[in-house]
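To start, the structure itself, in structure tokens.
Every read-out reported here was derived from the displayed coordinates using simple, explicitly stated rules and does not represent laboratory data. Computed from a prediction, not measured in an experiment: that's the story for all the values here. Cβ atoms come from the backbone with ideal geometry, glycine included; neighbour counts cover every protein chain shown.
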Amino acid sequence: MQKIAFVCLGNICRSPMAEFVMKSLTDQVYIESRATSNWEHGNPIHRGTLRVFQEHHISYDKHKRSIPLAKSDFYEFDYLIGMDEQNVRDMLAMAPVECQKKILLFDKQGVPDPYYTGRFEATYQQVIKGCQDWLNFLKK
């Protein structure tokens, strides 16, 4: 089974949104999410993301908390998918050289952080499309 991790700055908005949206689309891939920082370590999913889950009937783990990337994650996962270009740069700086090829950008434009924009529904629309694209990629 392929293993992927969606990664954003705090792991409370975009990456958990991608994690649970992707889990709603497939059970054929092992999926988690992580943070490039420890700013939000241990904090729950942001209320804006929770609202999106409820409005779109996306199942999620009510006990999910922010988890920073660990060195072992670079070896454990087949793909580490950064939600924006800064997340990708941060992961490349953290990753062992032999794991850097596993680090990819979520989509061509990157997903703006709704923590700052407040646009959780727009983020969801970008995430659902991106997750469908990733699912098609992983099936190949």
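A few points about this structure:
- Set of the stretch 80-122 residues, backbone N closer than 18 Å to the point 7 Å along the Cα-Cβ line of ASN38: 90-91, 93-96
- Most mobile of GLN28, GLN100, GLN126 in a GNM of the chain (Cα contacts under 10 Å): GLN28
- Volume of the convex hull of the chain (Cα atoms only), normalised per residue: 102 Å³.
- Contour minus Cα-Cα distance for SER59 and LEU92 (0.36 nm per residue): 8.8 nm
- Per-residue [θ]222 nm for the chain (sum of -39500 (n - 2.57) over DSSP H runs n ≥ 4, rounded to 500): -13000 deg cm²/dmol
- Computed over the stretch 51-116, the range of Cα coordinates on each principal axis works out to 41, 27, 19 Å, biggest value leading.
- Extending 7 Å from the Cα toward the beta-carbon at both ARG51 and GLN28 defines two label points whose distance is 3.5 nm.
- Loop sites in the stretch 1-77: trypsin sites (Lys or Arg not before Pro), DSSP, at most 12 other Cβ within 10 Å: LYS62
- Pairwise label distance in nanometres, GLN132 with ASP78, each label 7 Å out on the Cα-Cβ vector: 2.2
- Pairs of lysine residues in the chain that meet both criteria, 8 or more places apart or on different chains and Cα atoms under 22 Å apart, total 29.
- Charge context of ILE12, other residues only, Cβ under 12 angstrom, K/R +1, D/E -1: +2
- Percent antiparallel among DSSP beta bridges (both partners in the chain, rounded to 5): 5
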